[in-house]
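Presented below is the structure to which this report refers.
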Amino acid sequence: MIRVFKIILPILILVLGFGAFQLLASMREPPQRVSRSYAGPLVEAVAAPLQQVQVVVEGQGTVRPDAQIDLVPQVSGIVVWKDADFKPGGTFAKDALLFRIDPRDYELAVQQAEVQVAQARYQLDLAREEAAIAEEEWQRLHAEEAPTDLVLRKPQLRAAEAGLQGAEARLAEARLRLDRTNVYAPFAGRVRTARVDVGQHLNAGQSIAQLYSIEKAEIVVPVPDEDLGWFTLPLPIDIAEASTANAGAIYDLNAEGGSRAFAFSREGATAVVSGAFAGRRHQWSGRVVRTEGELDPRSRMVRLVVEVEAPYGGIADGIPPLTVGMFVEVAIAGRTVDGVRVLPRAALRQGDRAWTVGRDGVLSIRPVQVVRALEDEVLAYIDMAPEDRIIVSQLSGVTDGMQVRLAGGNLGGQP
């Protein structure tokens, strides 16, 4: 009996479960069908209004001095004094005394030259008196005949005059050599290297220090050749305005920041130099003053020279110095462009095309005239309605007139 019950119980459970499933299935209502229209793929779009944009040409470079020299004494001798700041890193003003060579030998040479001048003047005075006496004697004895130069002692007079001139020249040379025992700074600057100390013997013509100017600083900025059309370049040569019939086409072809293309003017474009000093970013004002003599033979880029006046002049106002050797970024002010739109790089499609979407959610493929391509943006002319937006999403199988949806639920830029 128990064995029969164990066989029947599972079968009974299966039958009851199947019956319950059929009962629930008969009570279920069929799902309602809802028809939805396909609104197209979801895209992101940005506004691109018409703008007036000033083009800025950017570059990088290293600061260098506008003048650097090897300091070479012109006379030999022992150093008897030097300025306390005449050492690597020291600063000096223009015409400041840097060091002094023992002048005693040169002072004695000046005294000897002065004695020689006095002797030469005595010889000249004596020759003049002798010439005058000789002329009087000739007039008294041979009044009817013309005297020769030798009789009148004119050669001796000329020799005495030449002797005086030579003595005066030697005196001037001796004084010049004495003056050169004091070595002065040719400009305001800093000491890069110095190999001189008190008691050291220096030889004329021996390089003993390197100095560089802090009156101006220069940055060499390589830029592509096509960027030269966006800003003012200084004239590479001096052209007199009256010497050319086309002076107006060369001088002041356009004011800086204007809307027309231009090339040369009396002054180059302004620039902003920015760099890090003491862990903070700072800016200095500069100007394009020239281009170097040739294109870079490897990169084929033009090397601009940007000049900064008084790179140490703002320290009193809390502006740090533009130090030689700093790596800086340079932004050169260019001309303005009207009626352009600023697009993200991702919005420019192959073949200089862009996708726009209007209020109706319809995608349009429009031609783009690229004015200038930047690292992350593009300046371009596009014929589109003010309310249209630029699609930046990546799509496949795009056709003109297809329906799209804007991300966030906005259709065609509607809030």
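Six or more apart or on different chains, Cβ under 7 Å: which pairs go from a residue in segment 361-379 that's assigned by TED's automatic domain parsing to the domain that holds ALA346 and without any contact (Cβ under 8 Å) to a residue 40 or more places away in the chain to one that's loosely packed, with under 12 Cβ neighbours inside 10 Å and basic (Lys, Arg)? Could you list them?
Once the first residue is assigned by TED's automatic domain parsing to the domain that holds ALA346 and without any contact (Cβ under 8 Å) to a residue 40 or more places away in the chain and sits in segment 361-379, no partner that is loosely packed, with under 12 Cβ neighbours inside 10 Å and basic (Lys, Arg) comes close enough.
Could you tell me whether any residue of segment 385-406 is farther than 21 Å from GLU44 by Cβ and either among the charged types (D, E, K, R) or modelled with pLDDT of 90 or more (or both)?
First, the residues of segment 385-406 that are farther than 21 Å from GLU44 by Cβ: none.
No, segment 385-406 has no match at all.
Restricting to segment 65-101, what's the tally of residues that are part of a strand (DSSP E or B) and either hydrophobic (A, V, I, L, M, F, W, C) or out of contact with any His (no Cβ under 8 Å at 6 or more places or on another chain) (or both)?
The qualifying residues number 17.
Sort through GLY286, GLY293 and tell me the only one that's among the small types (Gly, Ala, Ser), over 20 Å from ILE391 (Cα atoms) and surrounded by fewer than 19 Cβ atoms within 10 Å (Cβ to Cβ). If you could, list the steps in order and put the result at the bottom.
Numbers: GLY286 fails: surrounded by fewer than 19 Cβ atoms within 10 Å (Cβ to Cβ).
None of the other options fit; the residue is GLY293.
Here's the yes/no breakdown for (1) in a loop (DSSP other than H, G, I, E, B); (2) modelled with pLDDT under 90; (3) closer than 17 Å to LYS216 by Cβ:
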position: SER259; (1), (2), (3): yes, yes, no
position: PHE262; (1), (2), (3): yes, yes, no
position: GLY268; (1), (2), (3): yes, yes, yes
position: VAL272; (1), (2), (3): no, no, yes
position: ALA276; (1), (2), (3): no, no, no
position: ARG281; (1), (2), (3): no, no, no
position: VAL289; (1), (2), (3): no, no, yes
position: GLU294; (1), (2), (3): yes, yes, no
position: ARG298; (1), (2), (3): yes, yes, no
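The values are calculated or read from the model by the stated rules, or taken from the named source; none is laboratory data. If you're wondering where the values come from, they're calculated on a predicted model, not measured in any experiment. A quick note on method: Cβ atoms are made from the backbone with ideal geometry, for glycine too, and the neighbour counts reach across all protein chains shown.
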